[in-house]
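Inspection log for the structure reproduced underneath, given as structure tokens.
Read-outs throughout are calculated quantities, based only on the coordinates presented, and are distinct from any laboratory measurement. Computed from a predicted structure; not experimentally measured. Here the Cβ is made from the backbone with ideal geometry for all residues, glycine too, and neighbour counts use every protein chain on show.
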Amino acid sequence: MNLINLFVSGVLSENIVLTKFLGICPFMGTSNKTKDAIGMSLAVTIVTTLSSIITYLLYNYVLVPTNSVYLKTIMFIFVIACMVQILLIIIKNKFKKLYQSLGIYLPLITTNCAVLGITLLNVNSGYSFMQMLVYTLSSCLGFSIVLCIFSSIRENLSEDIPKSFKGYPIAFITAGIMALIFGRLI
Amino acid sequence: MGPFIKSSNKTSRMMFNLLIALTPIILFTVYKHGYIPYTHGQVDVFGIFYPLLFVLIGSLTTFIIELLYYLIIKRTDEFKTSYGFFPGLFLALILPIKTPIYVLLVGCLVASLSKIVFGGFGRNIFNPALIGYIFVVATFSFVFSTSYYEVDTVSKATPLTNASMVSGIGTYDELVKPYGDLLDFFIGTTPGSLAETSTLLCLLAFIYLTCTKTIKWRISLSYISTVFLITFGISRLLGVGLYYPLFHILSGGLVFGAVFMATDPVTSAATTTGQIFQGILLGILTCILRFTTTEGVATSILIMNMFVFILDKMGSRVRFNSYACLPWVVLVCFMIIVSMFVLASKKRVVAEKDPNFNIVNKEVTDNKTIYTATQKGYGGNIKADVVIENGKIVSVEIISHNETKDRYQSVTDANYINKLIEGQDNLKNVDTVSGATVTSTSLRKLLINVMEDFH
Amino acid sequence: MKSFLKDNPIFALSLGLCSALAVTTTFEKAYMMGLSVLFVLLFSNIFVSLIRKHVSTSIQIPVFILIIGTFVTILSLLLERFMPSLYDSLGVYLSLITVNCIVLGRALAFASKNSVGKSIADAFKIGIGYTIAMMLIGLVRELFGSNTLTFMNDISALTGYRLVFKNVLPFSLSILATPAGAFITIGILTAIFNFIRSKYESN
């Protein structure tokens, strides 16, 4: 399966938020500002890419040969948690300015379905290393695009929404319409 | 809030102008789908006005639904300015003439709901008529098959469906001639939905609406120009004549969508730069979608509905009299050229056929297609009957196979065929059965190839 | 009833949505996922509550996640052995219970501060509320979306029975079986839920 198709489908037709429902929590819960959305997407991309590489290597060169594939859930979440901690320390000490914009999102990413989900999907689908990289990057890109669009829409929702629909329901319906539209793309 | 005009007098005048602009189009559709069948003896005198009735039913449905809503929440004064009949009106105009009334009603219900749930007129994010349209496409996909379109009392595939079945770029004879000549496309005697075929009337409407300052003409102009530029570029790259870009401009409801749907005051950009960007991006998206799926206009407009706020933010920062707009211009030209090359190269690629797959028999009835096909499995060919109804696989029956007993047993035990049917929207991702990988992969490939042929 | 309305994890708190949206395409998958979350919630609550006095707050999150992960792994091994087709259909979402906000949230908010008995009760309360919500979503999506009703199909490996109804209604809105339909279903159900709750609270 060629890499370009994989990339495009990762962003559009198999968008991880709109078709696989990963990363819904930050999606629904991000404040309505687009700036926060960009910060969150950046943080997710960095953590996911680094964790994917490490977990991929871990899976293929440690777990599989020792027949301990069943440990993948625990090992992967461990790797992700450590990755987040390390990144937090690095950013806090060396890039203080970056910490102010990204720092608050990092701890939330540990329990983000998207990160663990992408790492698990990578190994479940048996990708080669290049395919895994392309898939991870395209999924993160898809996540970022959808998050930015969504937050810009939410910023502009009116006050006149029927009372029962305010908050989560209208957000779900907007996401549903977006899923409907994205589903018509390649 | 929302990028629309504030004073209500101006809004009602706008809506009135829109109705005037739509009148010739509605009259033309009465002529095309009512009077012409009457002269051929297909319908009686009352049948002449069926298209008008269709449009009226659509408009009234959304009107009544909004009326009920505002009555229930006791805010009838808002109802006076909510112009509830427009979503239904537009939805009826973009559906094929033979759409069953219940489909129209359901679509109108969804359209009204999508307007109400965001807070009513002026606050909706997405074009309600298009939401209804896309819902109908997703749920009642059979409505868009050839038998629901009609011109001269004969059912014919729409020009774009015809174009998608042509391999490569398509010559004049393949694309235009089946429907007459380009003049037929311009006047509108080609198959299509109620309103989208007559480019002439849509252009007249555009001139009227621009002169009365009713619509955001920059969007329509940049949209159509971009599509023309891209298809012109492709025609130059592949050495075909002017008919090619003209064909694309004149078909698929492009002009109708550009004039009436993309310029919807509530869901389009407010700043002038934002409008131009919206039009350009619409053009690029429509071209890309036209080459990968059949229908591009509705989806592109809805996608840009999502981007409108971002575009307005960009638009308010760019002034035309400053050098800051130069990088934007460069970016736009770059995107147009890239799209041209991407699309031109796509046209050159001929689809590869799977040598292990063979269609033995194909039976097509109303909305049901039955395939008998073979796919090479582990031991030999697997032969199966696949029944497709309304565009979805409903049953798969294996007639013969040469797989080993164990393998075939594993596949049946894992309920694999039901899994494939369940996961048919994404066949490539249905996991294979461990212990019978080749057999299950072949079954999956069989269905993938059948669906590829079906589409 | 009151706590169902106030604390329901899916409708009131909007937590744990990944699985709610992904696996509710059939009624059976929905309630099996609900029961799986109940299983993990129960055992992790018990365990966390047992060791709560020995874990300092700073390392609570990683330790709890590891505990939850262990029970998720145990559950997936059990399911893989006894109900393999269910395991296949739940797919990656089974492992994602590890980062399900509900499980971790209860461990942090309740089990780490209360006795074992109370934690067990809490696990049941939240878990059953979650399962009922899942069943509701699964019912709507399967019945109106694919026009079937599956009570026991994939789990037949364990129970030996199948109970599937087909063509129950004269129509079907196939859109509900798609991801878009999942969002729309949960949006409308949450809105109805909010409406009922506001009526209940104003009485």
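Net charge near B:Y69, counting Lys/Arg +1 and Asp/Glu -1 over other residues with Cβ under 13 Å of its Cβ? It would help to have the intermediate numbers written out before the result.
Working: positive: B:K74, B:R75, B:K115; negative: A:D160, B:E66, B:E78.
Around B:Y69, the surrounding residues sum to 0.
Using Cβ counts within 10 Å as a stand-in for footprinting exposure, how do B:L175, A:L185, C:L169 rank, fewest first? Walk me through the numbers on the way to the answer.
Working: B:L175 22, A:L185 19, C:L169 11.
Taking fewest neighbouring Cβ atoms as first place, the list is C:L169, A:L185, B:L175.
Given Cα pairs under 8 Å that are at least 6 residues apart, what percent is the relative contact order of chain B? Write down the numbers at each step before the final one.
Numbers: 694 pairs, mean separation 52.5, N = 455.
Relative contact order here is 12 percent.
Averaged across orientations, what area in nm² does the convex hull of the alpha carbons in the protein assembly as shown project? Mind showing how you got there, number by number?
Details: hull surface 153.7 nm².
Averaging across all directions leaves 38.4 nm² for the Cα convex hull.
Under a straight-distance cross-link criterion of Cα-Cα below 26 Å, which lysines are reachable from C:K118, leaving out those fewer than 8 residues away in the same chain?
C:K118 reaches C:K2, C:K6, C:K53.
Relative contact order for chain A using alpha-carbon pairs under 8 Å, separation at least 6, rounded to a whole percent?
44
Looking at the square roots a ≥ b ≥ c of the eigenvalues of the Cα gyration tensor of the range C:2-202, which shape do they give, rounded for a/c under 1.5, prolate if a/b is larger than b/c, or oblate? Don't jump to the answer; show the numbers that get you there.
Values: a/c = 2.29, a/b = 1.39, b/c = 1.65.
Oblate.
Taking neighbour counts of Cβ atoms within 10 Å as a proxy for exposure, in what order, fewest first, do B:S300, C:S115, B:S59 appear?
Working: B:S300 28, C:S115 12, B:S59 21.
Going from sparsest to densest Cβ surroundings: C:S115, B:S59, B:S300.
For the protein assembly as shown, what is the calculated [θ] at 222 nm in deg cm²/dmol (nearest 500), taking -39500 (n - 2.57) for each run of four or more DSSP H residues and dividing by its residue count?
Details: 38 runs with 508 residues, N = 844.
Theoretical 222 nm ellipticity from helices: -19000 deg cm²/dmol.
For chain B, just the Cα set please: Rg and Dmax, both in angstrom.
24.5, 77
Could you work out the relative contact order of the range B:186-275, using alpha carbon pairs under 8 angstrom and six or more residues apart, expressed as a whole percent?
Details: 94 pairs, mean separation 32.3, N = 90.
Relative contact order for the range B:186-275 comes out at 36 percent.
By Kyte-Doolittle mean hydropathy of at least 1.0 and Cα axial length of at least 18 Å, which whole DSSP H helices of chain C are selected? Working shown, then result.
Details: long enough: C:27-51 (36 Å, 1.70); C:60-82 (33 Å, 1.85); C:116-141 (37 Å, 1.17); C:179-202 (34 Å, 0.75).
Span-like helices, by this rule, are C:27-51, C:60-82, C:116-141.
Based on the alpha-carbon gyration tensor of the range B:1-82 and its eigenvalue square roots a ≥ b ≥ c, which shape applies: rounded if a/c is under 1.5, prolate if not and a/b is larger than b/c, or oblate? Walk me through the intermediate numbers first.
Details: a/c = 4.61, a/b = 1.95, b/c = 2.36.
Oblate is the answer for the range B:1-82, as a/c is 1.5 or above yet b/c matches or exceeds a/b.
Arranged by the count of other C-beta atoms within 10 angstrom, fewest first, what order do C:L108, B:L18 take? Walk me through the numbers before you get to the answer.
Values: C:L108 15, B:L18 24.
The fewest-first ordering by Cβ neighbours comes to C:L108, B:L18.
Calculate the spin-label point distance for C:N203 paired with A:I86, positioning each point 7 Å from the Cα along the beta-carbon direction, and give it in nanometres.
5.7
Pick out which of C:S146, C:S172, C:S49 has the largest mean-square fluctuation in a Gaussian network model of chain C, springs linking Cα atoms closer than 10 Å.
Checking each option, the largest mean-square fluctuation is seen for C:S172.
Computed over the Cα atoms, what is the radius of gyration of chain A divided by 2.2 N^0.38 Å, N being its residue count?
Values: Rg = 17.4 Å, N = 186, 2.2 N^0.38 = 16.0 Å.
So the Cα radius of gyration is 1.08 times the expected 2.2 N^0.38 Å.
Excluding same-chain residues fewer than 8 positions from A:K92, which lysines have a Cα within less than 16 Å of its Cα?
By straight Cα distance, A:K92 reaches no lysines at all.
How many lysine pairs in the range B:357-454, separated by 8 or more positions in sequence or lying on different chains, have Cα atoms less than 22 Å apart?
25
Which pairs, out of B:K115/B:K313; A:K35/A:K97; A:K72/C:K113, put more than 21 Å between their alpha-carbon atoms?
Exceeds cut-off: B:K115/B:K313; A:K72/C:K113.
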